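One structure is given below, encoded as structure tokens.
The values are calculated or read from the model by the stated rules, or taken from the named source; none is laboratory data. What you are looking at is a predicted structure, and each value in this text was computed from that prediction instead of being measured. Note: ideal-geometry Cβ built from the backbone for every residue, glycine included; neighbour counts use all protein chains shown.
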Amino acid sequence: MKRFYLFIFLVCTQIVSVKAQKLHLAFSDSIIEKPFNIWIKTYNNGVFSIKDSFLVTNENKQNIYFNLPNYIGYVEVVKDNKNANNGIGILFNPNEKEAIFLFNQEDIKTNNFLFKNSLDNIRYNLMIEYMDKFFQRFGALRKERNTLNPFDSIYLNKVLQNESNQDALYAEMNLIVDSILKVDTALYTTKLANLLKTPCSTSLPSYKKYFDNFNALLHYHLFDYVDFTDEHIINHPFFYDKIDQYFNLYCNATNIQNGIDILMQNASKNEKVKEVVINYLVSYFLLNKNDELVAYVYEKYGELCSINLGAKQMKEFSNIVHTQVGSTIPDIVLYDSKNNMQSLLQTASKNKYTIVYVWLSSCSACNTKTPKLSEEAKPYLNKGLSVFSISLDDKKDTWFESILKYQTDKWINVAELVSLQNSSILPKLNIRATPKLFIIDNKGTIIAKDIYQDELNSKLKSLFK
């Protein structure tokens, strides 16, 4: 978990009250010899982005104001390099109209600064200190759990004791959080505090009736204390850290779709929070190269919401969406082995069904599956089935040798004859591994993908019965 360390120095002083929602910064350097830029970053739709910039000079160093209308939450101050990831983190609460944050140029490099008149940042600093100690102890318990020997004669007892210790640690943290919540509900810190609470059987013994292990309990209940109706929770990294924690620790391959459903059921309590969570999950699973879950999130929850991603991720996302069952496959137009231009969608329109097969002669899995596919497709080639074979080979001789070797001359064989790095096919059809297989109808709609042998045989029989 990312730490946001704040160093506090309180000085009783009074500044002019600012009616607008403005963040007031000041630099204490006696002389600003060379003007420099600072940037303010805020969370916008779940993405940490640049909000505004300011040129600091000797004349204005004491009165630097950033307009942050309708915003309450986490802010980062970055100097010189707007793309830097090591800015200073502070909480901005427009209700604290006399708050001022005091820096010097060296402070920006060391994450030190002073502030005045901000109870929110006092409480936040205390909470960070507690969190740091908590996660050190929690990390030690998780490490201990992962190193337990299943062949130990008292292995289960040790597992139960470890989970009991985790449960007790969460109960301790919950008590600290409750003390913060009692201070002042107008503070943004109180909104964050609920993100740090975790259901546990120590504080709620009724959980023991339904769960005999800690991981199962938190798979279903980790978000119980989070107020998803309050959209301000999306303005701080804590919210996204909790989502990461959920999928990293309390979901696995067998229940992760259920985990997505649990999270989305909670997020749907507020439309803005829901949209941010959908975008975060799409981005999260794109980064983890999990196309299936990207498609699951979008198809089940995201089709009516705006997807906001960077240019690179948006292109990757679009390629995934357009290669799912039910989508129209992108057209591929290439020269075939007889030097004729071939269009995938035109080929599909002339046949009942088309198998689109992407492969590479140096791929061992392709060398196993290609001859079997040749045999499986053969009985249907005169019944309205075509095979549109896309080779990723970069040498014509190698490509031609493979056509002869596997007797695929009855197929439409096309190739770009470029390196994999320069291939337009890989991103267009979202190819992460070879071989890749799609079955499309005569309109180009994908009706099946990545099925082989018995499953493919069964599908072809049902299509041509």
Subject >> Inter-residue pairs, beta-carbon under 7 Å, first outside the structural domain of Arg432 (by TED's automatic domain parsing) and in segment 304-316, second of a type in the set (Phe, Trp, Tyr), 6+ apart >> reply: Ile307/Phe317; Leu309/Phe317
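Per-residue answers, yes or no, for (1) touching a helix residue (DSSP H, G or I) at 6+ places or on another chain (Cβ under 7 Å); (2) modelled with pLDDT under 90; (3) outside any loop (DSSP other than H, G, I, E, B); (4) over 30 Å from Asn95 (Cβ atoms):
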site: Leu141; (1), (2), (3), (4): yes, no, yes, yes
site: Gln161; (1), (2), (3), (4): no, no, yes, yes
site: Asp212; (1), (2), (3), (4): no, yes, no, yes
site: Asn215; (1), (2), (3), (4): no, yes, yes, yes
site: Ile233; (1), (2), (3), (4): yes, no, yes, no
site: Phe238; (1), (2), (3), (4): yes, no, yes, no
Original post:
Looking only at segment 284-326, which residues are buried (at least 17 other Cβ atoms within 10 Å of the Cβ) and either touching a strand residue (DSSP E or B) at 6+ places or on another chain (Cβ under 8 Å) or of a type in the set (Val, Ile, Thr) (or both)?
Top reply: Val294, Val297, Ile307, Asn308, Ile320, Val321, Thr323, Gln324
**OP:** Answer yes or no as to whether Asn174 is out of contact with any Cys (no Cβ under 9 Å at 6 or more places or on another chain) and in a helix (DSSP H, G or I).
**Re:** no
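Which residues, taken from segment 345-385, are under 19 Å from Ser423 (Cβ atoms), among the polar types (S, T, N, Q) and assigned to a loop (DSSP other than H, G, I, E, B)? Outline the logic, then answer.
Going through segment 345-385, the residues under 19 Å from Ser423 (Cβ atoms) turn out to be 356-363, 365-366, 370.
Next, from what is left, pick out any that are among the polar types (S, T, N, Q): 361-362, 370.
Those that are under 19 Å from Ser423 (Cβ atoms), among the polar types (S, T, N, Q) and assigned to a loop (DSSP other than H, G, I, E, B): Ser361, Ser362.
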**OP:** Return a yes/no flag: does segment 97-110 have any residue that is at pLDDT below 80, within 25 Å of the chain's Cα centre (by Cα) and not assigned by TED's automatic domain parsing to the domain that holds Asp184.
**Re:** no
Original post:
Just to be sure, is Leu437 at negative phi and at pLDDT 95 or above?
Top reply: yes
Subject >> Unique match (being assigned by TED's automatic domain parsing to the domain that holds Leu345, under 30 Å from Met314 (Cβ atoms), buried (at least 16 other Cβ atoms within 10 Å of the Cβ) and not small (Gly, Ala, Ser)) among Ile355, Ile447 >> reply: Ile355
**OP:** Report the residue count in segment 31-48 for those that are of a type outside the set (A, V, I, L, M, F, W, C) and modelled with pLDDT of 85 or more.
**Re:** 6
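Being within 21 Å of Phe214 (Cα to Cα), assigned by TED's automatic domain parsing to the domain that holds Ile233 and surrounded by fewer than 13 Cβ atoms within 10 Å (Cβ to Cβ): is that true of Thr147 here? Write out each step before concluding.
Details: within 21 Å of Phe214 (Cα to Cα): yes; assigned by TED's automatic domain parsing to the domain that holds Ile233: yes; surrounded by fewer than 13 Cβ atoms within 10 Å (Cβ to Cβ): yes.
Against the criterion (within 21 Å of Phe214 (Cα to Cα), assigned by TED's automatic domain parsing to the domain that holds Ile233 and surrounded by fewer than 13 Cβ atoms within 10 Å (Cβ to Cβ)), Thr147 qualifies.
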Original post:
Which ones in segment 319-341 are polar (S, T, N, Q) and either under 13 Å from Ile431 (Cα atoms) or assigned by TED's automatic domain parsing to the domain that holds Val418 (or both)?
Top reply: Asn319, Thr323, Gln324, Ser337, Asn339, Asn340
**OP:** May I ask you to verify whether Val282 is more than 27 Å from Met127 (Cβ to Cβ), part of a helix (DSSP H, G or I) and not acidic (Asp, Glu)?
**Re:** yes
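If a residue has to be surrounded by fewer than 20 Cβ atoms within 10 Å (Cβ to Cβ) and in contact with a strand residue (DSSP E or B) (Cβ under 7 Å, 6 or more places away or on another chain) to count, how many in segment 337-350 make the cut?
Our first condition is that a residue be surrounded by fewer than 20 Cβ atoms within 10 Å (Cβ to Cβ); within segment 337-350, this holds for 337-343, 345-346, 349-350.
Now narrow it down to the ones that are in contact with a strand residue (DSSP E or B) (Cβ under 7 Å, 6 or more places away or on another chain): 337, 341-343.
Of the residues in segment 337-350, 4 are surrounded by fewer than 20 Cβ atoms within 10 Å (Cβ to Cβ) and in contact with a strand residue (DSSP E or B) (Cβ under 7 Å, 6 or more places away or on another chain).
If we keep just the residues of segment 163-189 that are within 14 Å of Cys200 (Cβ to Cβ) and of a type in the set (S, T, N, Q), which is surrounded by the fewest Cβ atoms within 10 Å (Cβ to Cβ)? Working first, answer last.
Step one: filter segment 163-189 for residues within 14 Å of Cys200 (Cβ to Cβ), giving 163-178.
Then drop every residue that is not of a type in the set (S, T, N, Q), which leaves 164-166, 174.
Working: Ser164: 14, Asn165: 17, Gln166: 21, Asn174: 20.
So the residue we want is Ser164.
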Subject >> Flag if Glu299 is farther than 29 Å from Ile128 by Cβ, assigned to a helix (DSSP H, G or I) and in contact (Cβ under 8 Å) with a residue 12 or more places away in the chain >> reply: yes
Original post:
Quick check, is Leu344 touching a residue at least 24 places away in the same chain (Cβ under 8 Å), assigned by TED's automatic domain parsing to the domain that holds Pro427 and in contact with a Lys or Arg (Cβ under 7 Å, 6 or more places away or on another chain)?
Top reply: no
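Report whether or not Phe239 is of a type in the set (Phe, Trp, Tyr) and either under 23 Å from Asn165 (Cβ atoms) or surrounded by fewer than 20 Cβ atoms within 10 Å (Cβ to Cβ) (or both).
Working: of a type in the set (Phe, Trp, Tyr): yes; either under 23 Å from Asn165 (Cβ atoms) or surrounded by fewer than 20 Cβ atoms within 10 Å (Cβ to Cβ) (or both): no.
Taking the combined requirement at face value, the residue does not satisfy it.
If the requirement is being out of contact with any His (no Cβ under 6 Å at 6 or more places or on another chain), assigned to a loop (DSSP other than H, G, I, E, B) and under 21 Å from Gln346 (Cβ atoms), which of these qualifies: Lys465, Lys443?
Unique residue meeting the criteria: Lys443.
Scan segment 403-422 and give yes if some residue there is in contact with a Lys or Arg (Cβ under 7 Å, 6 or more places away or on another chain) and either under 28 Å from Ser462 (Cβ atoms) or not β-branched (Val, Ile, Thr) (or both), otherwise no. So that I can check it myself, show each step before the final result.
The initial filter retains those residues of segment 403-422 that are in contact with a Lys or Arg (Cβ under 7 Å, 6 or more places away or on another chain), namely 417.
Narrowing further to those that are either under 28 Å from Ser462 (Cβ atoms) or not β-branched (Val, Ile, Thr) (or both): 417.
Yes, the conditions are met somewhere in segment 403-422.
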Original post:
out of contact with any helix residue (DSSP H, G or I) (no Cβ under 9 Å at 6 or more places or on another chain), in a loop (DSSP other than H, G, I, E, B) and modelled with pLDDT under 85 - does that describe any residue in segment 62-82?
Top reply: yes
Original post:
Restricting attention to segment 386-405, which residues are crowded, with 20+ Cβ neighbours inside 10 Å and assigned to a loop (DSSP other than H, G, I, E, B)?
Top reply: Leu392, Asp393
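Return yes or no: is Ser389 of a type outside the set (A, V, I, L, M, F, W, C) and modelled with pLDDT of 95 or more? Even if it seems obvious, please write down each step before you answer.
Details: of a type outside the set (A, V, I, L, M, F, W, C): yes; modelled with pLDDT of 95 or more: yes.
The answer is yes for Ser389.
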